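Report on one structure; see the data block that follows.
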Amino acid sequence: MPRNLELKARVVSAGEAARHAAKLHARKKAFLRHVDTYFDVPAGRLKLRETDGSSAELIRYERPDRRGARYSDYSVVPVRGAKEIKEVLTRLYGVRVVVKKTRTLYLYENARIHLDRVQRLGTFVEFEVLVTRGKQQARRLMNELVRAFRIPSSAIRPDSYSDILSRQKKRTR
C-alpha cells in the first residue's frame with residue numbers, strides 16, 4: 001500500500017502560496033475541479049473523487065488526526081460508472097459529506113503541492129510527500145516545504161476537509 005507524509009494548512013492568500021511554489025520552481029501540473037463524496041465507513045476514510053474532464057477514482061486512506069505532518073496509507077482505484085458506484089456505496093454506507101473544491105496542482109521533487117479553494121471552508125495548501133526514498137527524506141522535504149511556504153503552526157489543520165464540513169453540518173442541525 002502506498003504511503004505519503006501529508007500536511008494541510010489554511011492560507012490567507014492563494015496568490016501568495018502560488019508565488020512560494022514559483023520560487024521553489026515547482027512545476028504547475030494542472031487545475032482541477034473535484035467533487036469528493038465521503039462515505040460513512042466504519043474505519044478509515046473512503047471517498048469517490050469525481051474530477052471534471054477525467055475518470056473517477058475510489059480512494060481509501062487511513063491516517064491519524066493530529067496537528068502537523070502525518071503519514072497516510074492509501075489506495076487509489078480508477079472507476080468507470082461513477083454514478084452507479086456512488087449509488088451502491090450510498091446504499092451500503094450512506095454519505096457522510098460531499099466536499100467540492102478547485103485545486104491547483106504543483107509537483108516538486110517527490111511532493112505534490114495542492115492549492116485548494118474549498119467550498120464553504122476557504123483556501124488551503126496541502127503537501128503530500130510520497131515516501132519513495134525513505135521516511136527521513138520525506139520529513140526533510142516536508143520541513144523544506146513548510147519553511148518555503150512560511151506556514152505558521154497555528155495554520156496547520158489536524159483534520160480533513162470532510163471532518164470540518166461534517167462538524168459544520170452537525171452544528172447547523
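Quick notes on this one:
- In segment 106-130, the qualifying residues are those that are surrounded by fewer than 17 Cβ atoms within 10 Å (Cβ to Cβ) and out of contact with any helix residue (DSSP H, G or I) (no Cβ under 8 Å at 6 or more places or on another chain), and the one that is farthest from Asp163 (Cα to Cα) is Leu107.
- Qualifying residues in segment 58-88 (those that are hydrophobic (A, V, I, L, M, F, W, C) and over 22 Å from Phe127 (Cα atoms)) - the one surrounded by the fewest Cβ atoms within 10 Å (Cβ to Cβ): Val88
- Residue identified as exposed (fewer than 12 other Cβ atoms within 10 Å of the Cβ) and within 30 Å of Arg147 (Cα to Cα) among Gly15, Gly53: Gly15
- Pairs with Cβ under 9 Å, 6+ apart, first in segment 1-24 and free of Cβ contacts under 8 Å to residues at least 12 places away in the same chain, second assigned to a loop (DSSP other than H, G, I, E, B): Glu16/Phe149; Glu16/Arg150; Arg19/Ser13
- Residue within segment 51-71 that is under 17 Å from the mean Cα position of the chain (by Cα) and more than 28 Å from Leu141 (Cβ to Cβ) present: yes
- The residue list Ala138, Ala82, Ala111 contains one member that is of a type outside the set (D, E, K, R), touching a Phe, Trp or Tyr at 6+ places or on another chain (Cβ under 8 Å) and in contact (Cβ under 8 Å) with a residue 12 or more places away in the chain, which is Ala111.
Where a number appears in this text, it was derived from the coordinates with a stated rule and is not lab data. Please read these numbers as outputs of a predicted model, since none were measured by experiment. In this analysis, Cβ positions are derived from the backbone assuming ideal geometry, glycine residues included, and neighbour counts consider all displayed protein chains.
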